[in-house]
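The structure appears below as structure tokens.
The values are calculated or read from the model by the stated rules, or taken from the named source; none is laboratory data. Computed from a prediction, not measured in an experiment: that's the story for all the values here. Cβ sites come from the backbone with ideal geometry, for glycine too, and all protein chains shown count toward neighbours. For accessibility, only protein heavy atoms count, side chains too; no ligands or nucleic acids. Shrake-Rupley method; radii C 1.70, N 1.55, O 1.52, S 1.80 Å.
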Amino acid sequence: MKALCYNGVGDLRTERVPDPTILNPKDAILRVILSSVCGSDLHLLNGYVPTMREGDIIGHEFMGEVIETGSEVKKIKKGDRVVVCSILGCGECQYCQDTQWSLCDNSNPHAWIPEKAYGDSPAGIFGYSHAFGGYAGSHADYIRVPYADRGCFVIPDGLPDEAAVFASDAMPTGFMAADLADIQPGNVVAIWGCGGVGQMAIQSAFLLGASRVIAIDREADRLRMAKDISGAEVLDFSKVDVQEALREMTGGRGPDRCIDCVGMEAVSEGLDYYYDKTKQFVRLESDRPIVLREAIMACRKGGTVSIIGVYGGLVDSIPMGAAMNKALTFRMGQQHGQRYIPRLLEHLQKGELNSRFMLTHKMSLDEGMKGYDLFNKKETMRVVFAPQ
């Protein structure tokens, strides 16, 4: 089959690789119909996530058709059209039982790698380095799905593939960002990042009761979508002082909830960006926590900072004094998609969430590197590969 494979920093190639097979009775094999790029895939391509190997198939946001199931798979069958959570969960450990699926104790066969860095291992993730299980990703003709009964969700009839694919990752990640923020009716929410996850966090914040959402970015197309489609007020950080603007827009108080949908590759117009880039270059820091710093300083006293943008290593110059003395609550984590996907499919069916607009470019696997170049340069909201 064809697959889009990692061959080094900035180097993706479409290659011929063996078809996947059933390895465990809980597995399913899917024919991939659509597989989307994701901002966290750029962390792999740009060299910020170690333990990638040449030939690794990337991609983790996808939907497809079931073509084969293992003997213990009961909830899905051949021919079903399903969306698959990007996070793998066994469904049996204490974390999965508590619906904290991204903390699964059993789905990462390489748990010893992240344990060295994090103390504990998170769950496995499709196509996301050997530190997260070494699973083959979804930018391919076919994919093996372990724990298929736990991670595959049948797509309702009438819901287009182009909308359902984002229920794999962008939608549950954005919804979890808003959920972690503990939004109360009438809250003002500030969201940094207007990519796919940011757009879904905006819509989810309104769904959970926010009275106003203020979205922050500098990409004109993304800001336009955040305003015209997702309903946010917008700030272009290249044109305004974000801290001053947020204070002014909230009567000097600050937003009740601040959400970081950017993570380790944040940029800014200020000296903090060059400070972090320099420290990255000399290996004194792995991530750029520009948005995290801004969110802490902007959030009102007693507010909540939700962190859904991915951080992989070490950061510094975090204003912990401000966080402590303002009595802020921090909540964060990789998405617990299995908790949210059934609900999100219902919201899509009812028209209460809109995801289809995020698909701005549909391409073949042979155009994989071109697609990622467009995404890396922020010339598209989402590139989606249609392998077949």
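The table for this structure:
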{"read-out": "Relative packing of 44-50, 111-117, which averages over residues the other C-beta atoms within 10 Å, highest first", "value": "44-50, 111-117"}
{"read-out": "For segment 205-241 and segment 360-388, distance of Cα centres in Å", "value": "24 Å"}
{"read-out": "Isolated Cys residues of the chain, judged by Cβ distance under 4.7 Å to other cysteines", "value": "Cys5, Cys38, Cys85, Cys90, Cys93, Cys96, Cys104, Cys152, Cys194, Cys261"}
{"read-out": "Highest-fluctuation residue, Glu72, Glu162, Glu294 considered, GNM on the chain with Cα pairs under 10 Å", "value": "Glu72"}
{"read-out": "Anisotropy class of segment 24-125 from Cα gyration tensor, a/c 1.5 cut", "value": "oblate"}
{"read-out": "Partners for Lys116 among lysines (Cα-Cα distance below 23 Å; same-chain residues under 8 apart left out)", "value": "Lys279"}
{"read-out": "Rounded Å value of the spacing that divides the Cα centres of segment 1-44 and segment 148-182", "value": "19 Å"}
{"read-out": "Cα-based reach from Lys370 at 13 Å (exclusive), listing aspartates and glutamates while leaving out same-chain residues under 8 positions away", "value": "Asp11, Glu379"}
{"read-out": "Nearest 10 degrees, 0 to 90: helix 170-180 Cα axis against the chain principal axis", "value": "50 degrees"}
{"read-out": "Degrees separating the helix 271-281 axis from the principal Cα axis of the chain, which is the longest one", "value": "40 degrees"}
{"read-out": "FRET E, pair Asp228, Gln97, Förster distance 45 Å, beta-carbon r, rounded to 0.05", "value": "0.60"}
{"read-out": "Three-way shape label, segment 269-388, alpha-carbon gyration tensor, a/c 1.5", "value": "oblate"}
{"read-out": "Acute angle (nearest 10 degrees) that the helix 337-350 long axis makes with the longest principal axis of the chain, alpha-carbon atoms", "value": "80 degrees"}
{"read-out": "Projected area, mean over directions - the chain, Cα convex hull, nm²", "value": "17.6 nm²"}
{"read-out": "Long-range tail of P(r) for segment 78-225 (Cα pairs > 18 Å, %)", "value": "65 percent"}
{"read-out": "For the chain: accessible area per residue (Å², 1.4 Å)", "value": "41 Å²"}
{"read-out": "Of all DSSP beta bridges in the chain, antiparallel share, percent nearest 5", "value": "55 percent"}
{"read-out": "Net dipole in debye of the chain [+1 Lys, Arg Cβ; -1 Asp, Glu Cβ; about Cα centre; nearest 20]", "value": "400 debye"}
{"read-out": "Protection-proxy order for peptides 54-63, 15-24, each taking the mean of Cβ atoms within 10 Å per residue, highest first", "value": "54-63, 15-24"}
{"read-out": "Extension reserve of the Arg31-Gln184 stretch, reckoned as 0.36 nm per residue once the Cα distance is removed", "value": "51.0 nm"}
{"read-out": "Residue among Gln334, Gln203, Gln97 with the largest mean-square fluctuation in a Gaussian network model of the chain, springs linking Cα atoms under 10 Å", "value": "Gln97"}
{"read-out": "Environment charge of Val384, counting only residues whose C-beta is closer than 13 Å and scoring Lys/Arg +1, Asp/Glu -1", "value": "-3"}
{"read-out": "Net charge of neighbours whose Cβ lies under 12 Å from the Cβ of Glu65, counting Lys and Arg as +1 and Asp and Glu as -1", "value": "0"}
{"read-out": "For segment 201-246: rounded, prolate or oblate by the Cα gyration tensor [a/c cutoff 1.5]", "value": "oblate"}
{"read-out": "Whole-Hz couplings from phi, Karplus 6.51/-1.76/1.60, listed for segment 189-206; x for Gly and Pro", "value": "10, 9, 10, 8, x, 10, x, x, 5, x, 4, 6, 5, 4, 4, 5, 4, 5"}
{"read-out": "Helix-only [θ]222 nm of the chain, DSSP H runs n ≥ 4, -39500 (n - 2.57) each, per residue, nearest 500", "value": "-8000 deg cm²/dmol"}
{"read-out": "Of Lys26/Lys78; Lys350/Lys378; Lys2/Lys362; Lys26/Lys77; Lys26/Lys74; Lys277/Lys301, those spanning more than 19 Å from alpha-carbon to alpha-carbon", "value": "Lys350/Lys378; Lys277/Lys301"}
{"read-out": "Hull-based mean projected area of segment 171-332, where the convex hull spans the alpha carbons, in square nanometres", "value": "8.6 nm²"}
{"read-out": "Efficiency of FRET between Ile22 and Phe281 - r from beta-carbon atoms, R0 35 angstrom, step 0.05", "value": "0.20"}
